[in-house]
Amino acid sequence: MNDLNALREKGDFAALFEALVMPVHEELYKRQDFSFIETLSPGQELLLRYDYVRMQVIQGGFIQLIQNGYIDLLPPMPAMLTQVGATEMAKILDDVLRVFSLNSETLGKETTVEEFAQLYEEFREFEELDAAFERLNAETEIALVDYALRFPDEFMEL
């Protein structure tokens, strides 16, 4: 906890976020079973879900997240993010779920490389959602870190 407080005093929220999520990732890699998420505290679960979403969206947007099979991470996240004060990000994820729900047959099917690329042309609404996610990412990480530091017992045990 002292290391986390030192990072907070420096204002290094990105390092704080990584320090919080790293043990959860390490445990997941040991177990090699994503059902492990069900054994986590709500805070740890949110960290893991958010980090997977973050990695996918920053690399290739929500279309990549959907095509790589991570859409199931999103449904509980708007409520979880609202609880930690990240209401704008919660709204973005809710919008993503709405677009997916309306187009799940097309977005959820396996694609070739060419079909995958075509999804970016067909679903331009994700461009705005991707940009909003990236714009709000640092603010959301700070909200997660602040919440974790206020409720450390929810984040420190595995």
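Here, each number is a calculation from the coordinates, and none is a lab measurement. Everything quoted here is computed from the prediction, not taken from an experiment. Every residue, glycine among them, receives a Cβ derived from its backbone with ideal geometry; neighbour counts consider all protein chains shown.
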If residue 60 satisfies every condition in (1) in a helix (DSSP H, G or I); (2) farther than 22 Å from residue 117 by Cα; (3) of a type outside the set (Asp, Glu) but one, which is the exception? (2)
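Do the conditions hold for residue 56, that is, is it without any contact (Cβ under 8 Å) to a residue 40 or more places away in the chain, in contact with a helix residue (DSSP H, G or I) (Cβ under 7 Å, 6 or more places away or on another chain), surrounded by 15 or more Cβ atoms within 10 Å (Cβ to Cβ) and more than 16 Å from residue 139 (Cβ to Cβ)? So that I can check it myself, show each step before the final result.
Numbers: without any contact (Cβ under 8 Å) to a residue 40 or more places away in the chain: yes; in contact with a helix residue (DSSP H, G or I) (Cβ under 7 Å, 6 or more places away or on another chain): yes; surrounded by 15 or more Cβ atoms within 10 Å (Cβ to Cβ): yes; more than 16 Å from residue 139 (Cβ to Cβ): yes.
Criteria met by residue 56.
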Considering each of 93, 97 in turn, give the residue that is closer than 15 Å to residue 131 by Cβ, in contact with a Pro (Cβ under 8 Å, 6 or more places away or on another chain) and not polar (S, T, N, Q). 93
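Per-residue answers, yes or no, for (1) more than 30 Å from residue 154 (Cβ to Cβ); (2) aliphatic (A, V, I, L, M):
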site: 58; (1), (2): no, yes
site: 70; (1), (2): no, no
site: 77; (1), (2): no, yes
site: 87; (1), (2): no, no
site: 90; (1), (2): no, yes
site: 99; (1), (2): yes, yes
site: 104; (1), (2): yes, no
site: 111; (1), (2): yes, no
